[in-house]
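One structure is given here, and the rest of the page talks about it.
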Amino acid sequence: MHLQELPQYVAIDIQEALEERFMESEAMYVRFLRKLLTSDDYKLMEEAAEAGNLQEVLRYAHNLKGVCATLGLTGLQAQFADIVSLLRSGDYTLPQLQAKLAAVKNDWQRTLQYIEQLESA
């Protein structure tokens, strides 16, 4: 799959990311997108959630929000921002948090599947 096809499947702003953060280098951008494939932050966030360690969930969700913003992954960035806001508010139920984590899990996995299919630029 070519990079320019990605927005058909994933909420992403490639142009902004390329212009603002990657000096218009598609090769560099694809390299950084592929780094998500080996990142442990999402897995560690899930493990923290399973262990009930909400401070760690917050930490990893915040990290992932920033990474997604840098990469122009607007959909995931918004979902991680929602999780961060929810946890920081302290005003939520466990089912609310679990629903947000379940929603982001589906999008995260789908996004990684498409990134895996990217051709080198």
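The values are calculated or read from the model by the stated rules, or taken from the named source; none is laboratory data. Every value quoted in this text rests on a predicted model; they were computed, and no experiment measured them. Neighbour counts run over all protein chains shown; Cβ positions are idealised from the backbone, glycine included.
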- Query: Could you say whether any residue in region 82-102 is under 25 Å from LEU3 (Cβ atoms) and either modelled with pLDDT of 95 or more or in a helix (DSSP H, G or I) (or both)?
  - Reply: no
- Item | Check on THR70, of a type in the set (Ser, Thr, Tyr), in a helix (DSSP H, G or I) and surrounded by fewer than 17 Cβ atoms within 10 Å (Cβ to Cβ) | yes
- Message: Quick check on TYR29: is it farther than 13 Å from ASP107 by Cβ, of a type in the set (Ser, Thr, Tyr), at pLDDT 95 or above and over 13 Å from the mean Cα position of the chain (by Cα)?
- Response: yes
